[in-house]
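Below is one structure, written out as structure tokens, with a few remarks after it.
The values are calculated or read from the model by the stated rules, or taken from the named source; none is laboratory data. Here the structure is a predicted model, which means the values were calculated and not measured. Neighbour counts are summed over all protein chains in view; Cβ atoms, including those assigned to glycine, are modelled from backbone coordinates with ideal geometry.
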């Protein structure tokens, strides 16, 4: 399949994006702990999302990796049974009402993105992604 962004098209097997619209993931230079606020734009529509950037993987030059981080964050939302589980899985403070508001908005955001892009499936589970990532400096054995 082909993913288009800007003037480029890239064929990849790990995303099922059924769109020929341009796709952009833009860092909004806001972060809370390991979470990064981004703007996902598909064609003329856009959404504000928070992505887990624990491994400091976000890079403005790596559009496909950034898209994976967005998809992974959406999948994490869908896999959680409720708000408290989502917070626990993502090391978020459940008492923070901003996270509750965002969690409640994710249902509509998820549906809208799915309408624009097709099935949301990264084909890479969280454990496989984690095992393939080097630890950032100061976070464990590999990041000393």
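Please specify each residue of region 89-99 satisfying the condition of being surrounded by 12 or more Cβ atoms within 10 Å (Cβ to Cβ) and over 15 Å from residue 34 (Cβ atoms).
Scanning region 89-99 gives a single hit, 94.
Residues that are out of contact with any strand residue (DSSP E or B) (no Cβ under 6 Å at 6 or more places or on another chain) and modelled with pLDDT of 85 or more: list the helices (runs of 4 or more DSSP H) wholly contained in region 39-144 that include at least 1 such residues.
Working: elements: 63-79, 83-89, 97-117, 126-131.
Output list reads 63-79, 83-89, 97-117.
Only residues in region 28-51 that are touching a residue at least 12 places away in the same chain (Cβ under 8 Å) and on the phi < 0 side of the Ramachandran plot count as the first member; pair them with residues that are part of a loop (DSSP other than H, G, I, E, B) and surrounded by fewer than 13 Cβ atoms within 10 Å (Cβ to Cβ), Cβ under 8 angstrom, at least 6 apart or cross-chain, and list the lot.
34/91
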